[in-house]
Amino acid sequence: MQRHGPRRQDPHHRRPAAWLALVLCLVFGAACQQEFDVPDFSQLELSELTAIALDAPLSTAADHDWPGWRGHNASGVSKCGNLATEWDNQEGFRWRRDLEGEGNSSPVVWGDAVLLTTDIDGELFVDCFSLADGTPRWRARAGSTVGPTHVKNGYAAASVTTDGQRVFAFFGGTGMFCFDLASGEEIWRTDLGELEHYWGTASSPVLFEDLVIQMCDNVRESFIVGLDKESGEEMWRTPRPSHGSWSTPVFVTLERDGKKYVEMVVNGTGTNHSGGGEVLAYDPLFGHPLWSVRGTRDIACPTAIVHEGRIISTTGRRGPIISIEPGGFGDVTDSHVQWRLPRGGPYVPTGLAIDGRLYLVDDSGTMSCYKTASGERVWRQRLGGAFTASLVAGDGKIYATSEEGDVFVVAQGDEFQLLATNSFNQRCLATPAIASDSLLFRTESQLYCIAPLQLAASEPVATEMP
């Protein structure tokens, strides 16, 4: 791991446990500074000594916000109620807006701001719209596209994240950008170096304390990096033993001896050997590795699922489903894997977990429900179509969006119940968002805001940005 520059030393900004972590990192400095092909845990102490004690929530976002990729901690689950069940592309929506360019990033919402990234003829932008009526608020240019990508990925694939003041956008080799949420004015940009994969990049940035953290998996020399969110200064960089993963990091909170700790988990690594990849956990404040679990399938696209203190990993075309107890140290494959199913995991879509149940949809349109405690399958049902978008849920409903633009609304529970099927009749690869009483869907050419109280048809609004 490489550390760049001293951290700010405001006594109100850093907590005592964080300083303990710093001391420990200095004590075991040789382990922290080395380059590695595989994570080296040999000189680190137990993860509880290097984890971060919390006295504040992970995010200040309200329940009705959707502050990053798949909302709160990438869970895909909203606490909002009164969500729509039925609509179509001609009626039943609050507003719809024609979109310029191309992009598969998901909507992100904070207050009245809806944020998307887009690629318009090789130029990259962040667009901001009003949640109330879809009115454009601002457009911020980031730069030009760089390197190759995949037709189902694109150059505007990563979703932004926001803390309510700043918007953080990652565009692969073009860099990481920070914009003012109110005005769209650029605050800083950081070049993370040459980033290239023949399928492009798609991992979204995440926030932890004063850091914006970005996973950067490449064909070679992959890494994960922490930047100061106020200045863009690189605070740490940790090499990853991976040649390609498109997952977004998530956080899991542990409690020991009355104290809370946080670990950052990345679901899977791309590999060049038959042994498969691994789930890796990191200290989010300083970036050093904490533990790993072997057995993921190569090409890790889904994000790890955090539920009731456990981590659930799914990778590969009908690959393994693995339930992991966090909090270990080193290679914990033999000690912290709670259960493992050899097949059933989706290749691209991320599932979700609610009330002790895990819901997955695979790329060929089969939806399944499992018990999170044991991995026992509760039901399995064919929906139909191909799927790239991940699941989201709220108000007792699960929304599964196919590439053909069909949205299957399924009731949460131990019996499969299809409540409705709604069709946009447009290609849809982006995962929807949930904010307040609204569902936000990005299709190939339009952004829809679906709300249950809006019954009359709405006309498309102009595409000009201010």
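Below is a table of values for the structure above.
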| quantity | calculated |
| --- | --- |
| Ordering of 93-100, 111-118, 81-88 by burial proxy (mean other Cβ atoms within 10 Å per residue, highest first) | 111-118, 93-100, 81-88 |
| Two-decimal Rg/Rh across the range 308-466, once Rg and the Kirkwood Rh are taken from alpha-carbon atoms | 1.03 |
| Scattering profile of the range 90-142 at q = 0.23 Å⁻¹ [log10 I(q)/I(0), Debye over alpha-carbon scatterers] | -0.91 |
| Quarter of the Cα convex hull surface for the range 324-401, i.e. its orientation-mean projected area (nm²) | 6.0 nm² |
| Sorted by Cβ density within 10 Å, fewest first, the residues HIS72, HIS288 | HIS72, HIS288 |
| Directionally averaged shadow of the range 296-366, computed from the convex hull of its alpha-carbon atoms, nm² | 4.7 nm² |
| Sequence ranges 128-134, 382-388, ranked by mean other-Cβ count within 10 angstrom, highest first | 128-134, 382-388 |
| Amide H within-cut-off set for CYS301, under 5 Å, with H built and near neighbours excluded | TRP246, GLY316 |
| Range of Cα positions in the range 189-282 per principal axis (Å), largest first | 45, 37, 18 |
| Cα-based equivalent ellipsoid, the range 206-254: semi-axes from gyration tensor eigenvalues, Å | 20, 14, 8 |
| Volume per residue that the Cα convex hull of the range 216-335 spans, once the total is divided by residue count, Å³ | 112 Å³ |
| Whole-Å semi-axes of the ellipsoid equivalent to the range 138-249 (Cα gyration tensor, √5λ, descending) | 22, 16, 11 |
| Eligible lysines near LYS371 by straight Cα distance, threshold 22 Å, same-chain separation 8 or greater | LYS79, LYS397 |
| Binned Cα-Cα distance frequencies in the range 92-192 - 5 Å width, integer % | 2, 14, 26, 25, 18, 10, 4, 1, 0 |
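Throughout, read-outs are computed from the coordinates displayed, never taken from laboratory work. Treat the numbers as computed from the prediction; the structure is a model and nothing was measured. Backbone-built Cβ (ideal geometry, glycine too); neighbour counts: all protein chains shown.
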